[in-house]
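S.K.: Below you'll find the structure I mean.
The values are calculated or read from the model by the stated rules, or taken from the named source; none is laboratory data. It should be emphasised that the depicted structure is a prediction, and the values quoted were computed from it without experimental measurement. Cβ placement follows ideal geometry from the backbone for every residue including glycine, while neighbour counts extend to all protein chains displayed.
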Amino acid sequence: MPQSPSSEVRKKLETLRSRFRDKTIRELEELVSSISSASRHSESIGKLVGAYQLFHRLAGSAGTLGFTQLGEQARKLEIAIKPLADQVTAGDNSERIRIQLQQLLAAGYEDDIAGLGDLLGAAEPVSTGWHQYRPADAGNRSVLMLMEPDKELAGLISQGLALYGHRVRTLSAGPQWTDSMDDVDLIMVRDTLLQDEEADWLPRLSSLPVICFSEAHDFATRYRLAGLGVDACLEEPQDIPALADRVEQLLAEGLATLTGRVMIVDDDRELLEHYRLVLTSGGLQVRTLDDPAGLLSELAEFRPDILLMDVQMGRYEGPALARMLRFQAEWLSLPIIFFSSEEDRDLQLDVLARGGDDFVTKPVSDEFLLRTSRIRCYRARQLGKLVSLDSLTGLLKHALAKTELSREFARCTRTGHDSVVAMLDLDNFKQVNDTYGHGTGDMVIKALSNLLRHRLRDTDIIGRYGGEEFVIVLPECSLGKAVEVLETLCQDFSRLVFNGGSEEFSVSFSAGVAALNAYESGEQAIEAADRALFERKRSGRNGVSVAPEGGCDRLTEN
């Protein structure tokens, strides 16, 4: 029987812990020999710097790897020997330092060092309680749990959200929820089902996004719902585009907090491997580096969301590396988080003043490491979106969409595969704004953007070209398949019902498509798709027209 993912992670952590134990035993044997030699011969006093560095490293790494007592004792020994190591570094009299070392050893320091090895047997059990194996995959259809006693309304909501590509499961009451529903991504629940706060199924809501259907607007009710873990409150769930927009926002936030790109720089290889294992097991992409000399090239290639870095790495100092990175404009906004066993707050603030954004004291628990990295990655990408994504739809802005189009054109030229570019435009959209207002018009635009995002592939490029116009690039897709997909989207979008205050209405869209590799440039292909869109508008709207290959005048309508 195959092991569960958590069991596999635990086994890897245990292997890493054993490796750390074996390495530390050898290092402690060398440490005892070095300090003994330094206490007898002043010419060996320089070995105290290496002893201090070992204590410093163990103080930060041992606890993370499960040897808490070892880490705490190493921290005490580090503090005690630091004044002597500082004198060695400053070039003070070696004989005077040797005498101070002898006094320190005679006061019990020697016995404390000898006892470090015994603490390697006092490790906490390996725990993977932080590990919840459920890989984030934006390509899978989201599973939504609908808890609505009104069966007619539940059916309306299920049918409407199905158009956006969601799978909806319905319950009429909370107690019907079984363990087989652990794949649910989001909950939609009527407020009347939340009245019994002692219900044993309510704790399941705490780990999922929750939308509550409630007509109550008083402070006490809303506050109680927030306390139960509700993330959004809607009065009219039958307004499917508005509901789908809120579902989209919550799912996007949830998915974003589970993903990210993290680079870690630390000269402690066992600790570095531990960090990598924990973060990759939690769904993050990780690049590790034990030699800071390769930092610039690794950053340029990996382009992480955040950088985790130790403060002291042999001859390299983390703050100096951070300041060096800030020399380049492209790394000015890169969040840099320092890890160190240093507990002095003034020193921590000094480190932050030299280029860092946050300071985390070692040892770091696995759960804290994972949650901190996820949150930081999410915040970093949110800031990035302000620059690259359209604020209303969350799609690529005009300029970036065209850049991605050019890249795909170059890829087509290089590999010879087929790709398609499409221009989409909402039909009679000016009438929507004039009749129902720009707020309702924005809802229509967001509804189409959500539909496109959910129904197209992760590899497809979707951008807001301007106003109510969109551009789509479908890599490695035939012209016939693109037309088929867009025709289906046309039909499904026209079936959506929007709420215009006192009345309901529907909207359609038109599309023009062109084979990207049938033209001499991406710009020519998009112009051809735009002409096809214009012809579709002129000949009847709500459908797809195909541009001729090579720029011929005849258009194909579907």
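S.K.: Report yes if SER373 is assigned by TED's automatic domain parsing to the domain that holds ARG276, hydroxyl-bearing (Ser, Thr, Tyr) and touching a Leu at 6+ places or on another chain (Cβ under 7 Å), otherwise no. Steps first, answer last, please.
M.R.: Numbers: assigned by TED's automatic domain parsing to the domain that holds ARG276: yes; hydroxyl-bearing (Ser, Thr, Tyr): yes; touching a Leu at 6+ places or on another chain (Cβ under 7 Å): yes.
When the stated conditions are applied, SER373 passes them.
S.K.: Every residue in the stretch 344-394 that is of a type in the set (Phe, Trp, Tyr), over 19 Å from ARG303 (Cα atoms) and surrounded by 15 or more Cβ atoms within 10 Å (Cβ to Cβ), please.
M.R.: Matches in the stretch 344-394: PHE359 only.
S.K.: If you check every pair at least six apart or on different chains, which have Cβ atoms under 9 Å apart with a residue in the stretch 539-558 that is under 19 Å from ARG495 (Cα atoms) first and a residue that is modelled with pLDDT under 85 second?
M.R.: These pairs meet every condition: GLY540/GLU557; GLY543/GLU557; GLY543/ASN558; VAL544/GLU557; VAL544/ASN558.
S.K.: May I pose another question? Just one of ARG411, ARG457 is within 19 Å of ASN517 (Cα to Cα) and surrounded by fewer than 18 Cβ atoms within 10 Å (Cβ to Cβ); which is it?
M.R.: Details: ARG457 fails: within 19 Å of ASN517 (Cα to Cα).
On inspection, the qualifying residue turns out to be ARG411.
S.K.: Of the residues ALA482, ALA515, which is in contact with a helix residue (DSSP H, G or I) (Cβ under 9 Å, 6 or more places away or on another chain), crowded, with 19+ Cβ neighbours inside 10 Å and either within 25 Å of SER406 (Cβ to Cβ) or not assigned by TED's automatic domain parsing to the domain that holds GLU404 (or both)?
M.R.: Numbers: ALA482 fails: in contact with a helix residue (DSSP H, G or I) (Cβ under 9 Å, 6 or more places away or on another chain).
Going through ALA482, ALA515 in turn, just one is in contact with a helix residue (DSSP H, G or I) (Cβ under 9 Å, 6 or more places away or on another chain), crowded, with 19+ Cβ neighbours inside 10 Å and either within 25 Å of SER406 (Cβ to Cβ) or not assigned by TED's automatic domain parsing to the domain that holds GLU404 (or both): ALA515.
S.K.: State yes or no: is GLY60 modelled with pLDDT under 90 and assigned to a helix (DSSP H, G or I)?
M.R.: Details: modelled with pLDDT under 90: yes; assigned to a helix (DSSP H, G or I): yes.
Yes.
S.K.: Determine if the stretch 97-117 includes at least one residue that is surrounded by 14 or more Cβ atoms within 10 Å (Cβ to Cβ), modelled with pLDDT under 90 and basic (Lys, Arg).
M.R.: Checked against the condition, which is being surrounded by 14 or more Cβ atoms within 10 Å (Cβ to Cβ), modelled with pLDDT under 90 and basic (Lys, Arg), the stretch 97-117 yields no hits at all.
S.K.: Here are the criteria: (1) surrounded by 21 or more Cβ atoms within 10 Å (Cβ to Cβ); (2) over 30 Å from the mean Cα position of the chain (by Cα). Tell me which single one SER419 does not satisfy.
M.R.: Status for SER419: all satisfied but (2).
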